[in-house]
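S.K.: What follows is a structure written as structure tokens; I'll ask about it next.
The values are calculated or read from the model by the stated rules, or taken from the named source; none is laboratory data. Given the structure is predicted, the values throughout are model-derived calculations rather than measurements. Neighbour counts run over all protein chains shown; Cβ positions are idealised from the backbone, glycine included.
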2 protein chains.
Amino acid sequence: MKPTITIEYCPKCGWLLRAAYMAQELLTTFADDLQGVLLKPSEISGRYTICIEEQKVFDRKEMGGFLEIKEVKQLVRDVVAPGKSLGHADRKMQD
Amino acid sequence: MKPTITIEYCPKCGWLLRAAYMAQELLTTFADDLQGVLLKPSEISGRYTICIEEQKVFDRKEMGGFLEIKEVKQLVRDVVAPGKSLGHADRKMQD
């Protein structure tokens with residue numbers, strides 16, 4: 001069974017568009033690796049978390065801000081498709 | 001417990017963008033009525049379905065095409081928030 005990613009976002013902070021953007025990026029890059037991406041409005045102000053099944057891989061409050069999409073993909077890749085290359089953006093990180 | 005909507009789309013047909021658009025429309029209009037919207041790539045070619053929990057409210061193949069977003073919202077409203085007005089677009093249907 002492929003994993004489901006949940007993006008829980010604070011709608012009052014206006015983060016639906018950001019969450020939908022990230023969902024599309026993840027569903028494009030990991031098209032064959034995911035069951036789907038759930039966009040979930042949070043009832044907790046300021047929350048923005050990304051979970052792969054029950055495993056939280058990103059939390060805005062813990063991180064003190066947002067990550068660039070490249071870094072989000074690396075976090076997700078490390079869990080759902082560890083051997084997968086993310087292309088030239090990925091290689092830049094290793095330089 | 002609020003319901004989760006699942007939009008299952010055929011990625012090979014290029015319907016991710018359409019599904020993500022509809023997810024954002026539904027999460028905006030039904031912000032307080034939904035648990036979330038799951039974007040789910042389908043392994044079945046040409047599939048585009050919208051389900052509220054287990055209840056299928058739209059199937060492209062059965063319908064013979066897509067509905068306009070206003071009509072999608074009416075289908076969803078009738079299940080998740082029957083008393084909710086969808087504004088002037090909704091009234092037009094009753095004229």
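S.K.: Would you mind finding the one in A:54, A:71 that is within 23 Å of residue B:35 (Cβ to Cβ) and away from chain B (no Cβ under 14 Å)?
M.R.: Working: A:71 fails: within 23 Å of residue B:35 (Cβ to Cβ).
Answer to the check: A:54.
S.K.: Here is a further query. Considering A:78, A:32, which residue is loosely packed, with under 14 Cβ neighbours inside 10 Å, modelled with pLDDT of 95 or more and acidic (Asp, Glu)? Lay out the reasoning, then the answer.
M.R.: Details: A:32 fails: modelled with pLDDT of 95 or more.
Just one listed residue meets the conditions, A:78.
S.K.: So in the stretch A:35-75, with the set limited to residues that are of a type in the set (Gly, Ala, Ser) and surrounded by 14 or more Cβ atoms within 10 Å (Cβ to Cβ), which one is farthest from the chain's Cα centre (by Cα)? Before you say what the answer is, go through the steps one by one.
M.R.: Of the stretch A:35-75, the ones of a type in the set (Gly, Ala, Ser) are A:36, A:42, A:45-46, A:64-65.
The next check asks that each one be surrounded by 14 or more Cβ atoms within 10 Å (Cβ to Cβ); those that pass are A:36, A:42.
Values: A:36: 12, A:42: 15 Å.
Checked the stretch A:35-75; the qualifying residue farthest from the chain's Cα centre (by Cα) is A:42.
S.K.: Being β-branched (Val, Ile, Thr) and in contact (Cβ under 8 Å) with a residue 24 or more places away in the chain is the filter here; which residues of the stretch A:20-78 pass it?
M.R.: Let us first name the residues in the stretch A:20-78 that are β-branched (Val, Ile, Thr), namely A:28-29, A:37, A:44, A:49-50, A:52, A:57, A:69, A:72, A:76.
A:29, A:37, A:44, A:49, A:50, A:52, A:69, A:72, A:76 - these are the residues of the stretch A:20-78 that are β-branched (Val, Ile, Thr) and in contact (Cβ under 8 Å) with a residue 24 or more places away in the chain.
S.K.: Now for a separate question. Yes or no: residue B:20 in a loop (DSSP other than H, G, I, E, B), surrounded by 12 or more Cβ atoms within 10 Å (Cβ to Cβ), within 10 Å of chain A (Cβ to nearest Cβ) and not basic (Lys, Arg)? Before you say what the answer is, go through the steps one by one.
M.R.: Details: in a loop (DSSP other than H, G, I, E, B): no; surrounded by 12 or more Cβ atoms within 10 Å (Cβ to Cβ): yes; within 10 Å of chain A (Cβ to nearest Cβ): yes; not basic (Lys, Arg): yes.
Against the criterion (in a loop (DSSP other than H, G, I, E, B), surrounded by 12 or more Cβ atoms within 10 Å (Cβ to Cβ), within 10 Å of chain A (Cβ to nearest Cβ) and not basic (Lys, Arg)), residue B:20 does not qualify.
S.K.: For the stretch A:41-95, which fully contained helices (runs of 4 or more DSSP H) count at least 3 residues that are under 22 Å from residue B:24 (Cβ atoms)?
M.R.: Because the criterion is at least 3 residues that are under 22 Å from residue B:24 (Cβ atoms), the helices (runs of 4 or more DSSP H) in the stretch A:41-95 that meet it are A:69-80.
S.K.: So how many residues does the stretch B:26-50 have that are over 19 Å from residue B:82 (Cβ atoms) and more than 9 Å from chain A (Cβ to nearest Cβ)?
M.R.: Counting residues in the stretch B:26-50 that are over 19 Å from residue B:82 (Cβ atoms) and more than 9 Å from chain A (Cβ to nearest Cβ) gives 8.
S.K.: While we're looking at this one, here's another question. Would you check which residues across the stretch B:1-17 are farther than 17 Å from residue A:42 by Cα and at the interface with another protein chain (Cβ under 10 Å from one of its Cβ atoms) and list them? Lay out the reasoning, then the answer.
M.R.: From the stretch B:1-17, those farther than 17 Å from residue A:42 by Cα are B:6-17; that's our starting set.
Passing the criteria: B:6, B:7, B:8, B:9, B:11, B:12, B:16, B:17.
S.K.: From the list B:65, B:36, exactly one residue is within 20 Å of residue A:16 (Cα to Cα) and among the small types (Gly, Ala, Ser). Which is it? Walk me through how you get there before you give the answer.
M.R.: Numbers: B:65 fails: within 20 Å of residue A:16 (Cα to Cα).
Unique residue meeting the criteria: B:36.
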